[in-house]
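A.B. asks: Below is a structure I'd like to ask you about.
Every read-out reported here was derived from the displayed coordinates using simple, explicitly stated rules and does not represent laboratory data. No experiment lies behind these values; they were computed from the predicted model shown. Glycine also receives a Cβ, built like all others from the backbone with ideal geometry; neighbour counts cover every protein chain displayed.
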Amino acid sequence: MAGRLDGKIAIVTGAATGIGSATARLFAAEGAKVYAADIKEPGAELAAAIKANPGSLASARLDVRSEEEWAAALEACTATYGAPNVLINNAGIGSSHKPVHEESVEKMRANFEVNVIGMFLGMKTVLPGMMAAREGAIVNVASVWGWSGIKNNVAYQTAKAAAVMLSKNAAVTYAPYNIRINCVLPGYVDTPMSRTVTDEDAKMLMEFTPLGRRAEPEELAPMFVFLASDESSFVAAANFMNDGGMSAL
Ligand SMILES: NC(=O)c1ccc[n+]([C@@H]2O[C@H](COP(=O)([O-])OP(=O)(O)OC[C@H]3O[C@@H](n4cnc5c(N)ncnc54)[C@H](O)[C@@H]3O)[C@@H](O)[C@H]2O)c1
C-alpha cells in the first residue's frame, strides 16, 4: 500500500523521545526514510521501531547547536538514504519558568542556542540542497507559549517567539524555490520535557486547555505527516496550533 510519505527523506531532530520520536516512527510507517537525530540515545519506543524497520529508520547523534555536527548529519543522511527533502526542526529545551528579574543570562542563552540557533543551523544546512533540487518541506517546532503571553517562563517564551519569526522569514524567502516552510505550535503535550512541571502547574495547564487535558505525542505526529507530504502542496509560511484550544483564550 502506498504511504503518504513515499519518496521522502527526512531528518527529524530531537527524535529520541516525545514528539520527535512519535513523528519519526509515524514517518517511517508512512514510507519515509528517516534520519532520527538527537543529542541523546534513542528512547525505548524509537529503538524498538529502528530494530523493526532498519531499512527506513536510522538514529544518529546530532547536537543542533553545532554547525559541524549538522554538516556531518547531512553527509551521513545523504550517504544512508539520499539528500533530505524534509527537515523537522523539533529539538528543543524548556526553561526554568522564571520571570525576567530572576532568570539567568546562561538560561536565556541556552534557550536561544537550542530553540533558535539550532533551528537556524538546521535550515542553513539543508536549504542549499533543497534550493538546487527546487523541492523541500521544513517544519519548525515552536510553542503556543511563543505566541500567547503567559507569566514567567521568559527564556522559553522569547526563544519560541523568535522561532516563529525565524520560520516565517525563511518561509517567505525560500517559497520561490518550491520549499515549503511551516511552523507547528504545540500546547501541553505529555513528554519528558513537560513532565518537569509541578503537579499544580500540570493541573493548571490542563484547566487552561479548552479540551481539558494534555496531548499524547502521537496526537501531534499526524500534523507533521501532512506538512511534510505533498498533501500540503499549497501550504507555506503558516503557523499551526496543535494545542487543544489553549491559544484561543
Ligand atoms: N511537551 C510540550 O508540552 C511542548 C509544548 C510546546 C512545544 N514543545 C516543543 O516540542 C519539541 C519537542 O519536545 P518534547 O515535548 O517532545 O520534549 P522531549 O524532551 O521529549 O524532546 C526534546 C528532544 O530534543 C532533544 N534535544 C535537546 N537539546 C538538543 C540539542 N542540542 N541537539 C539535539 N537534540 C536536542 C532532547 O534530547 C530530546 O530528545 C520541543 O521543541 C519543545 O519545545 C513541547
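A.B. asks: Against the definition (surrounded by fewer than 17 Cβ atoms within 10 Å (Cβ to Cβ) and of a type in the set (A, V, I, L, M)), how does Ala133 come out, yes or no? Give the steps one after another, and end with the answer.
C.D. replies: Details: surrounded by fewer than 17 Cβ atoms within 10 Å (Cβ to Cβ): yes; of a type in the set (A, V, I, L, M): yes.
It is true that Ala133 is surrounded by fewer than 17 Cβ atoms within 10 Å (Cβ to Cβ) and of a type in the set (A, V, I, L, M).
A.B. asks: Which residues, counting only those in region 1-15, are out of contact with any Leu (no Cβ under 6 Å at 6 or more places or on another chain), among the hydrophobic types (A, V, I, L, M, F, W, C) and crowded, with 24+ Cβ neighbours inside 10 Å?
C.D. replies: Of the residues in region 1-15, the ones out of contact with any Leu (no Cβ under 6 Å at 6 or more places or on another chain) are 1-10, 12-15.
Keeping just the survivors that are among the hydrophobic types (A, V, I, L, M, F, W, C) gives 1-2, 5, 9-10, 12, 15.
Selection gives Leu5, Ala10, Val12, Ala15.
A.B. asks: I'm trying to understand the selection: among the residues of region 205-231, which are more than 17 Å from the chain's Cα centre (by Cα) and not acidic (Asp, Glu)? Give the derivation first.
C.D. replies: Let us first name the residues in region 205-231 that are more than 17 Å from the chain's Cα centre (by Cα), namely 205-214, 230-231.
Passing the criteria: Leu205, Met206, Phe208, Thr209, Pro210, Leu211, Gly212, Arg213, Arg214.
A.B. asks: A further question on this structure: Given (1) surrounded by fewer than 24 Cβ atoms within 10 Å (Cβ to Cβ); (2) over 21 Å from Ala32 (Cβ atoms); (3) out of contact with any helix residue (DSSP H, G or I) (no Cβ under 7 Å at 6 or more places or on another chain); (4) in contact (Cβ under 8 Å) with a residue 60 or more places away in the chain, identify the lone condition not met by Asn152.
C.D. replies: Condition (4) is where Asn152 drops out.
A.B. asks: Being within 13 Å of the ligand (Cβ to nearest atom) and on the phi > 0 side of the Ramachandran plot is the filter here, so list the residues in region 206-249 that pass it.
C.D. replies: Matches in region 206-249: Gly244 only.
A.B. asks: Take region 8-17 and flag every residue that is in contact with a Lys or Arg (Cβ under 9 Å, 6 or more places away or on another chain) and over 16 Å from Ala49 (Cβ atoms).
C.D. replies: Once the filter is applied, which keeps residues that are in contact with a Lys or Arg (Cβ under 9 Å, 6 or more places away or on another chain) and over 16 Å from Ala49 (Cβ atoms), region 8-17 yields Lys8, Ile9.
A.B. asks: Look through region 23-44, keep the residues that are surrounded by 24 or more Cβ atoms within 10 Å (Cβ to Cβ) and in a helix (DSSP H, G or I), and return whichever of them is nearest to the ligand (Cβ to nearest atom).
C.D. replies: Among them, the one singled out is Thr23.
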